[in-house]
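Q: So that we are looking at the same thing, I have put the structure below in structure tokens.
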Amino acid sequence: MSQIPKNFEAKQVEEKWYSYWMQHDFFHSEPDRREPYTIVIPPPNVTGVLHMGHMLNNTIQDVLIRRARLKGFNACWVPGMDHASIATEAKVVAKLKEEGIDKNSLSREEFLSHAWEWKEKYGGIILEQLKKLGASCDWQRTKFTMDPHMSEAVIKVFVDLHKKGLIYRGYRMVNWDPQAKTTLSDEEVIYEERQGNLYYLAYPIQGSDEKVIIATTRPETILGDTAICVNPNDERYKHLKGKKAIVPLADRVVPIIEDEYVDIEFGTGCLKVTPAHDENDKVLGDKHDLEVIDIFNEDATLNAYGLHYKGKDRFVVRKEITEELGSKGYLVKVEQHVNKVGTSERTKAVIEPRLSDQWFLKMEGLAKPAIEAVLETEEVRFFPKKFVNTYRHWMENVRDWNISRQLWWGQQIPAYYYSDGKEDLVVAETKEDALRLAQERTGDSGLTMSDLRQDEDVLDTWFSSWLWPISVFDGIRDPENEEIQYYYPTNDLVTGPDILFFWVARMIVAGYEFKDEHPFSNVYLTGLVRDKQRRKMSKSLGNSPDALKLIEDFGADGVRVGLLLSSAAGNDLLFDEALCQQGKNFANKIWNAFRLIKGWQVDETIKQPEHSKIGLQWFEAKFQKALSEIEDHFSKYRISDALMAIYKLVWDDFCSWLLEIVKPAYQQPIDKVTYDKVISLLEDNLRILHPFMPFLTEEIWQHISEKTPEEALIVDQWPSQHGHDGQLIKDFELAMEVVSGIRTIRKEKNIAFKDQIALFVLNAEKTTTLLDAMVKKLGNISEVAYVEGKVEGALSFRVRSNEYFIPIMGSIDVEGEVSKLREELGYTEGFLASVRKKLSNERFVSNAPEKVVALERKKEADALAKIATIKASLENFQ
């Protein structure tokens, strides 16, 4: 055996054992006769770097997968990355810009070669960082959502859904991100309350001096106005029926239309209609056959319809047009107004409603089995359960999914146009299939590949990741393959509630549509990691610690424990670096306990002492009780509670009590029976602690004795559950209080631990005498004697209804003790008098809250009990 180092050197240990586990393929899984336990990682963006949310999420997944491995399951944790269309394209565009290259000067193929180059160089950093945390993913299975076979699955699904009539192309008002220059689904738009203004503008009525006043939050969009709308029931505007108004600055003559959609009570009851830039206005425009004038370019600068503002940004124009409207007498007044503004989840840019040809997926029918799975059959269970209502709301109000994006990085939509008409297209998995279909449709066998033009758009990134639990096992392309049959459905999904709809709900939909089965059984939704002031962690606040720096400072095990010990705030976690220090201290405590044990000299000729025998029996019972609690916590996904149960078992019961009970006297050997049992119990502790602290536990495990790779802790066995002696645990709790009472008297009376003392017991509780040997050992008691009455001239303390006496020794300063007791008695009697004065005041008793009065009565009772104890002690001294 190698020498056990004095300190636990986390960095060296982490590198050593991670390499060892990888070298021996302990993370790798292949289908076999064992029952599988499968987790698919929520694939982080290829652009991502490790942050606290990833740390928490992946620590929990690793705890679950390591525990499953120890429980004998064929544990498979599939890692991978998401191609993240918007985020990655933005990174590549920025990199090209730095190199003086404009994306628009490149062909699609040229841009994609730059994007793949960027991905190979910078992508996947986060997966390497997860290894530092100890993540035991099956790295041989690492997938990327744009791997060839993964992309083929996406295209196959698109074609399949299109054939079923579920995918269609529509000209709709969509959410446009002018920074990323692409559409977004409704779920990718985050609404924020912002302080803005309400601008009251005067529109002249054609052929008269009259003006109508209209309130708008967006004065720049007047250049796209094509009507004024009033409610037909509004008496104020009856006279305007059939008349026309003139749009300020644009001098465009527009009709005044009537529609009950207009709220008479809101604003002036008069509405400007801009069909190109508002969803509700578009509905009005379609109904009344209005002209549609789009005033924006794709980057939200104004186009030629913006007149002299052409080329300027919308927000610059808002300021300048307000000044111009004011100078020309069209601006009546400006009021402050709080408005809900839609922003892009990815780029944070303000969203622009925009009319565009896009591809959509009909969701209503697809959602039904996914709703049943969570709300009725519970084939998929959510932890915490409160998220079921959020899921219900989303799924029962689901809208068609806009699945096309105006980007180049991603799976290009497999729609091929064979002429200039919008409807002249075919959908096929390959260009060859598309040509055949086009020839069949047109009856023109002379069509060639060069006649086909593929749709420029790519599919929404979520359209690939919704297939993740199926496609990682190639279950779309080859639905009968061995791996999909063995590993699917997966067991647990660990993710954040922020992507409950984006990803979780859609995976459930895909599971039932393509496999007719749920994709996972349990969804554990972690909270956000917040700082101790409850603020969300962000770069801008500077409160998000560097994840790798934490690992460097506290060790991976310390950080894992720190994260899981973070106190819950609702579903969120309040993270404090001090908890990582606590995790590190815990690692050091266990390490030092192990060094203590290995430092004992073993003598096979010594008989096992009674105190060791009973102490070991007690810890075995405590271990089984804790194991039962831990299993219950895991079944309810209370991972932090499971860790806390282990923490208390190891720190308090094993290190602080058991090792003190069995520890041999200074420079004396330990008997072999006790030593072997302590090692056996230590190994059980390591087994249940391993999922949480894999590096420390493997290091100690391998130091206990020489091990073959097959005997490594990572592939050992989780302890089995069996009954435990509950009465022994209860008896031991009382004995612990007795030991604490003895230690308190020693401390208060300055009695050195090396000096033996006697203990007399008035056993009103009728407690067992089996634990006397343990009390003698831990209290350095010469004898434990049971008496029928009080012992005169002795110090005493109570544990429940039992009274314990320690005869006064010559080393105690009797006069000093009596003086101290009298002083304490005087103080306590004075305190009692002040409490009784309050309680004798009828006004106080009648008017004070019930809790306050009850507290004062408790103070009175406590003071009386203390006075009785002090008087008894004084009697003993006298």
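Q: Report the calculated FRET efficiency for Val814 and Leu839 (r = Cβ-Cβ distance, R0 = 56 Å), to the nearest 0.05. Let's see the in-between values first.
A: Working: r = 37 Å, r/R0 = 0.65.
So the FRET efficiency works out to roughly 0.95.
Q: A further question on this structure: Angle between the Cα long axis of helix 148-163 and the longest principal axis of the chain, 0 to 90 degrees, nearest 10?
A: Roughly 60 degrees, rounded to the nearest 10.
Q: Would you compute, for the Cα atoms of segment 468-534, the largest minus smallest coordinate along each principal axis and list the three values in descending order, in whole Å?
A: Extents along the principal axes, in whole Å: 52, 19, 17.
Q: Show me the ranking of peptides 57-63, 599-605, 868-874 by mean Cβ neighbours inside 10 Å, starting with the highest. Could the numbers behind the result be given before it?
A: Details: 57-63: 23.7, 599-605: 11.0, 868-874: 15.3.
My ranking of the peptides, most packed first, is 57-63, 868-874, 599-605.
Q: Taking +1 at the Cβ of each Lys and Arg and -1 at the Cβ of each Asp and Glu, which of Phe360, Met395, Val341 sits farthest along the dipole of segment 256-405 towards its positive end, judged by Cα position relative to the Cα centre?
A: About the Cα centre, the residue reaching furthest to the positive side is Val341.
Q: Using only Cα atoms, figure out Rg for segment 453-496 and give it as a multiple of 2.2 N^0.38 Å. Intermediate values should be presented prior to the final figure.
A: Values: Rg = 13.7 Å, N = 44, 2.2 N^0.38 = 9.3 Å.
Normalised by 2.2 N^0.38 Å, the Cα Rg of segment 453-496 equals 1.48.
Q: So if I take the alpha carbon set of segment 278-403, get Rg, then get Rh from the Kirkwood formula, what is the Rg over Rh ratio?
A: On the way: Rg = 21.4 Å, Rh = 19.1 Å.
The Rg/Rh ratio comes out at 1.12.
Q: R0 = 35 Å: FRET efficiency of Asn233 with Ala304, Cβ-based, nearest 0.05? Show your work: numbers first, answer last.
A: Working: r = 39 Å, r/R0 = 1.10.
Using R0 = 35 Å, I get an efficiency of 0.35.
Q: Quick one: accessible surface of Arg236, probe radius 1.4 Å, all protein chains present, in square angstrom to the nearest 10.
A: 120
Q: Shape call for segment 509-664 from the C-alpha gyration tensor, a ≥ b ≥ c root eigenvalues: rounded (a/c under 1.5), prolate (a/b greater than b/c) or oblate? Let's see the in-between values first.
A: Numbers: a/c = 2.90, a/b = 1.63, b/c = 1.78.
Oblate is the answer for segment 509-664, as a/c is 1.5 or above yet b/c matches or exceeds a/b.
Q: Can you give the direction-averaged projected area of the convex hull of the alpha-carbon atoms in segment 174-255, in nm²?
A: 7.8
Q: For His114, what accessible surface area do you get with a 1.4 Å probe? Give it in Å², rounded to 10.
A: Taking all protein chains as shown, His114 has close to 40 Å².
Q: Here is a follow-up. What does the charge count around His724 come to, taking other residues whose C-beta lies under 12 Å from its C-beta (Lys +1, Arg +1, Asp -1, Glu -1)? Spell out each step's value before the answer.
A: Working: positive: Lys622, Lys625, Lys730; negative: Glu620, Glu629, Asp725.
The answer is 0.
Q: How large is the translational diffusion coefficient of segment 98-151 in µm² per second when you combine the Kirkwood radius over alpha carbon pairs with Stokes-Einstein at 20 °C and 1.002 mPa s? Mind dumping the intermediate values first?
A: Working: Rh = 13.7 Å.
It diffuses with D of about 157 µm²/s by this estimate.
Q: Using a 1.4 Å probe on the protein heavy atoms, what percent of the accessible area of segment 694-767 belongs to carbon and sulfur? Present the calculation step by step, with values, prior to reporting the outcome.
A: Details: 1770 of 3630 Å².
Exposed carbon and sulfur together represent 49 percent of the surface.
Q: Excluding Asp400 itself, what net charge comes from residues whose Cβ is under 10 Å from its Cβ, given Lys and Arg +1 and Asp and Glu -1?
A: Values: positive: Arg172, Lys362, Arg399; negative: Asp186, Glu364.
Residues close to Asp400 contribute a combined charge of +1.
Q: Could you work out the relative contact order of segment 537-648? I mean the mean sequence separation of Cα pairs under 8 Å and 6+ apart, divided by the number of residues, in percent.
A: Working: 75 pairs, mean separation 22.7, N = 112.
Once divided by the residue count of segment 537-648, the mean separation gives 20 percent.
Q: Projected onto the charge dipole of segment 812-878 (+1 at Lys/Arg Cβ, -1 at Asp/Glu Cβ, origin at the Cα centre), which of Ser840, Thr828, Ala863 gives the Cα projection farthest towards the positive end?
A: With unit charges placed on the Cβ atoms, the residue in question is Ser840.
Q: Let me ask something additional. Sum up the charges of everything whose Cβ sits under 15 Å from the Cβ of Gln411, counting Lys and Arg as +1 and Asp and Glu as -1, but leave Gln411 out.
A: -3
Q: Placing unit charges on C-beta atoms (Lys and Arg positive, Asp and Glu negative, everything else neutral), compute the dipole magnitude of the chain about its Cα centre in debye, rounded to 20.
A: Value, rounded to 20: 2920 debye.
Q: In whole Å, what is the distance between the alpha-carbon centres of segment 14-67 and segment 659-721?
A: 25
Q: Please say if segment 584-667 is rounded, prolate or oblate, where rounded means a/c under 1.5 for a ≥ b ≥ c the square roots of the C-alpha gyration tensor eigenvalues, and otherwise the choice is prolate for a/b larger than b/c and oblate otherwise? If you can, show how the numbers build up before the last one.
A: Numbers: a/c = 3.42, a/b = 1.77, b/c = 1.94.
Here segment 584-667 falls in the oblate category.
Q: What order do Lys238, Lys163, Lys677 take when sorted by accessible area (1.4 Å probe), most exposed first?
A: Details: Lys238 95, Lys163 165, Lys677 65 Å².
Descending accessible area places them as Lys163, Lys238, Lys677.
Q: Something else now. Mind checking which of Ile228, Leu528, Ile508 is farthest towards the positive end of the chain's charge dipole, using Cβ charges of +1 (Lys, Arg) and -1 (Asp, Glu) about the Cα centre?
A: Checked the options; the winner is Leu528.
Q: Sequence neighbours fewer than 8 away in the same chain don't count; with that in mind, list the lysines whose C-alpha is under 24 Å from Lys858.
A: Lys837, Lys838, Lys866, Lys871
Q: Shifting gears a bit: Compute the accessible area per residue over segment 780-878, keeping the other protein chains in place, probe 1.4 Å, unit Å².
A: On the way: 6350 Å² over 99 residues.
Normalised by residue count, the accessible surface of segment 780-878 is 64 Å².
Q: Arrange the peptides 410-423, 187-200 so that the one whose residues have, on average, the most other Cβ atoms within 10 Å appears first. Show your work: numbers first, answer last.
A: Details: 410-423: 17.4, 187-200: 15.1.
Ranking the peptides 410-423, 187-200 by packing returns 410-423, 187-200.
Q: Does segment 320-472 come out rounded, prolate or oblate, given a ≥ b ≥ c as the square roots of the eigenvalues of its C-alpha gyration tensor, rounded meaning a/c under 1.5 and, failing that, prolate meaning a/b above b/c? Intermediate values should be presented prior to the final figure.
A: On the way: a/c = 2.84, a/b = 1.18, b/c = 2.41.
Oblate, because a/c is 1.5 or more while a/b does not exceed b/c.
Q: Determine the relative contact order of the chain: mean sequence separation of Cα pairs under 8 Å and six or more apart, normalised by residue count, in whole percent. Intermediate values should be presented prior to the final figure.
A: Working: 1437 pairs, mean separation 108.7, N = 878.
That works out to 12 percent.
Q: With angles folded into 0 to 90 degrees, how steeply does helix 814-839 sit against the dominant principal axis of the chain? Use alpha carbons for both and round to 10.
A: Between helix and principal axis, roughly 50 degrees.
Q: At 7 Å along the Cα-to-beta-carbon direction for both Ser208 and Val341, put a label point, then send me their distance in nm to one decimal.
A: The two pseudo-label positions are separated by 3.8 nm.
Q: Continuing with the same structure: Of all DSSP beta bridges located in the chain, what percent are antiparallel, nearest 5? Provide the component values of the computation, followed by the final result.
A: Numbers: 67 of 97 bridges.
Roughly 70 percent of the DSSP beta bridges within the chain come out antiparallel.
Q: Treat every Asp and Glu Cβ in segment 116-240 as -1 and every Lys and Arg Cβ as +1, leave all other atoms uncharged, and give the resulting dipole magnitude about the Cα centre to the nearest 20 debye.
A: Numbers: 17 positive and 19 negative charges, 103 e Å.
Result for segment 116-240 is approximately 500 debye, rounded to the nearest 20.
Q: Quick one: compute the contact order of segment 637-755, relative version, from alpha carbon pairs under 8 angstrom and 6+ residues apart, as a percent. Don't skip to the answer; put the middle values down first.
A: Details: 41 pairs, mean separation 21.0, N = 119.
About 18 percent, as a whole number.
Q: Could you work out how far the C-alpha centroid of segment 369-414 sits from that of segment 270-345, in angstrom?
A: Taking the Cα centre of each part, segment 369-414 and segment 270-345 sit 34 Å apart.
Q: While we're looking at this one, here's another question. Taking the Cα atoms only, what angle lies between the long axis of helix 52-70 and the longest principal axis of the chain, rounded to 10 degrees?
A: The answer is roughly 60 degrees.
The values are calculated or read from the model by the stated rules, or taken from the named source; none is laboratory data. Everything numeric here is computed off the predicted structure, so don't read it as measured data. Note that we place each Cβ from the backbone using ideal geometry, even for glycine, and neighbour counts take in every protein chain shown. All accessible areas refer to the heavy atoms of the entire protein, side chains included, with ligands and DNA or RNA removed. Shrake-Rupley method; radii C 1.70, N 1.55, O 1.52, S 1.80 Å.
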